[in-house]
Amino acid sequence: MSEKVDARGLSCPQPVIMAQKAISGADFPVEVMVDTVTSRENVRRMAEHLGYKVTVEQQGDEFRLVITK
Amino acid sequence: MLDRITKFFASRWGIISVGAVIGILGPTLQKLGNPKNMGICVACFERDIAGALGLHRAGVVQYIRPEIIGFVLGATIAALIFREFKARAGSAPIVRFLLGAFAMIGALVFLGCPWRASFRLAGGDMTAIPGIIGLVIGIAIGVWFLRSGYNLGRSQKTYPAVGWIMPALMVGLLLLLLFRPVFSEGGPIFFSESGPGSQHASILISLGIGLLIGFLAQRSRFCTMGAVRDVILMKDFHLASGLLALIVVAFLTNLVYGQFQLGYVAQPVAHSNLLWNVLGMVLAGLAYALAGGCPGRQLFLSGEGDGDSAIFVLGMIVGAGFAHNFNLASKTDMIADGVLTVGGPSQFGMAAVILGLVVCVVIGFTMREKVAKGE
């Protein structure tokens, strides 16, 4: 089972904190939904910094990030 | 092409170069006429705008600062070019207004926002150090609240017109600056004839530099509060490297211009009252952390359509009105006949800082989503 995090409408650092929590308890892949480019970059930077792989998919004006080991 | 620029600004070198550019431009603005160690101060400049509009009557700090207008509009331009302009609002606006007002009161007890604290340090003003220590303490308290589940809730996507209100207000301010109407005899718009408010670079230069910084900061998400917060919260030094670049480059630029003046007392537009330099910035730092951005970042966000940041900015401007009307802002150190009088806040200023800290702590404790035990 994958973990899903909905961080849309939340401003940073909230999405990063939520993603971090999801990763630490995780079942990969972790899926994070965000709706600003800033959140996208911040979550991606945090996950890559911790050594995970991140793929980004744009859905309308929202972003779906999938974090895998 | 746009994608590659975005990637550069999101990189470590991107944020460092933005910090460095701001580090050059701040002291340059000072060289061209802005007040000493105040090449750029978001809090002070918003306070000057409040004064120009007559929201307070402190005659020495009244000017419509084009840098502020440029910050917002520069961010708007960047957001439009890179398709990031997005109208959003509705995340506890009244709380953000209050945080903005108290952030300003804390900033005016210290006499500067984190930007100015950095420029003061880079100019040799050692009283910036207690301010920065206070800032770090305030942000650390904010991080503790963030960890324990504090957040102001989600914003909602809204009508594009909502996002345009702040840029439109800035265009209005620019018109007031250019045409200098007088609305009644002895009435606004006010422009200081002496003191810091009378010291400024030309409108064109101030506006141009403001636009450039607004553009760069929108792309790089430069934030002085975020710099400290991310280090404490997750040992992420990304934003911090931008802030450090700003301080180092501003220091070097001051050396080149001959503006570096090492000292602790009677520094330009500053006071050496240790305790209140710390406490003023504890309040400001906590308020920025709870609101999610330093005064500069809130301006850039308001330029890209964030109505909640716009409310924070308006809170700061109104807070500046209170700070001067109610004698909360600190007095600077004064030397008369060789005798030093140490400045600092009045008892009202002290009380306001304590009240602000209580309000922020109550906000921090009462606006938390429940976090499962053990987390």
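The values are calculated or read from the model by the stated rules, or taken from the named source; none is laboratory data. What you see is a predicted model, and the numbers here were worked out from it, not measured in a lab. Glycine gets a Cβ as well: all are built from the backbone with ideal geometry, and neighbour counts include every protein chain shown. Just so you know, the surface numbers come from the protein's heavy atoms only, side chains and all, with ligands and any DNA or RNA stripped out. Shrake-Rupley method; radii C 1.70, N 1.55, O 1.52, S 1.80 Å.
Being basic (Lys, Arg), at the interface with chain B (Cβ under 10 Å from one of its Cβ atoms) and without any contact (Cβ under 8 Å) to a residue 40 or more places away in the chain, is that true of even one residue in segment A:18-34? So far as segment A:18-34 goes, yes, one or more of its residues are basic (Lys, Arg), at the interface with chain B (Cβ under 10 Å from one of its Cβ atoms) and without any contact (Cβ under 8 Å) to a residue 40 or more places away in the chain.
Across segment B:177-202, what is the total count of residues that are in a helix (DSSP H, G or I) and hydrophobic (A, V, I, L, M, F, W, C)? Spell out how you get there, then give the answer.
Step one: list which residues in segment B:177-202 are in a helix (DSSP H, G or I), which gives B:177-179, B:196-198.
Of the ones still in play, those that are also hydrophobic (A, V, I, L, M, F, W, C) are B:177-179.
Residues flagged as in a helix (DSSP H, G or I) and hydrophobic (A, V, I, L, M, F, W, C) within segment B:177-202 amount to 3.
Count of segment B:336-369 residues, restricted to those that are within 19 Å of B:Asn277 (Cα to Cα), out of contact with any helix residue (DSSP H, G or I) (no Cβ under 7 Å at 6 or more places or on another chain) and of a type in the set (Val, Ile, Thr), is 4.
For the subset of segment A:1-17 comprising residues that are within 21 Å of B:Ile139 (Cα to Cα) and open to solvent by less than 30 Å² (accessible area, probe 1.4 Å), which member is farthest from the other protein chains (Cβ to nearest Cβ)? Looking at the filtered set, the residue picked out is A:Pro15. Taking helices (runs of 4 or more DSSP H) as the structural unit, those lying wholly within segment B:1-98 and holding at least 2 residues that are closer than 19 Å to B:Pro268 by Cβ and open to solvent by 20 Å² or more (accessible area, probe 1.4 Å) correspond to B:12-31.
Among the conditions (1) open to solvent by 30 Å² or more (accessible area, probe 1.4 Å); (2) more than 14 Å from chain A (Cβ to nearest Cβ), B:Met170 misses just one, which is (1).
Hey, can you tell me all the residues within segment A:21-61 that are of a type in the set (D, E, K, R) and buried (at least 16 other Cβ atoms within 10 Å of the Cβ)?
Our first condition is that a residue be of a type in the set (D, E, K, R); within segment A:21-61, this holds for A:21, A:27, A:31, A:35, A:40-41, A:44-45, A:48, A:53, A:57, A:61.
Selection gives A:Lys21, A:Glu31, A:Asp35, A:Arg40, A:Glu41, A:Arg44, A:Arg45.
Of all residues in segment B:294-310, those that are within 13 Å of chain A (Cβ to nearest Cβ) and either closer than 10 Å to B:Ala89 by Cα or in a helix (DSSP H, G or I) (or both) total 10. Any residue at all in segment A:46-69 that's among the acidic types (Asp, Glu), without any contact (Cβ under 8 Å) to a residue 24 or more places away in the chain and within 12 Å of chain B (Cβ to nearest Cβ)? The answer is yes, given that some residue of segment A:46-69 is among the acidic types (Asp, Glu), without any contact (Cβ under 8 Å) to a residue 24 or more places away in the chain and within 12 Å of chain B (Cβ to nearest Cβ).
Can you say whether B:Ile335 is more than 21 Å from the chain's Cα centre (by Cα), surrounded by fewer than 24 Cβ atoms within 10 Å (Cβ to Cβ) and either in contact (Cβ under 8 Å) with a residue 24 or more places away in the chain or not in a loop (DSSP other than H, G, I, E, B) (or both), as far as the supplied structure shows? Criteria met by B:Ile335.
Pull out all pairs, ordered by first then second residue, where Cβ-Cβ is under 7 Å, the residues are six or more apart or on different chains, the first lies in segment B:140-159 and is under 12 Å from A:Pro13 (Cα atoms) and within 11 Å of chain A (Cβ to nearest Cβ), and the second is assigned to a loop (DSSP other than H, G, I, E, B) and at pLDDT below 95. Listed by first residue and then by second, the contacts come to B:Leu146/A:Pro13; B:Gly149/B:Glu369; B:Gly149/B:Lys370; B:Gly149/B:Val371; B:Asn151/A:Leu10; B:Asn151/B:Glu369.
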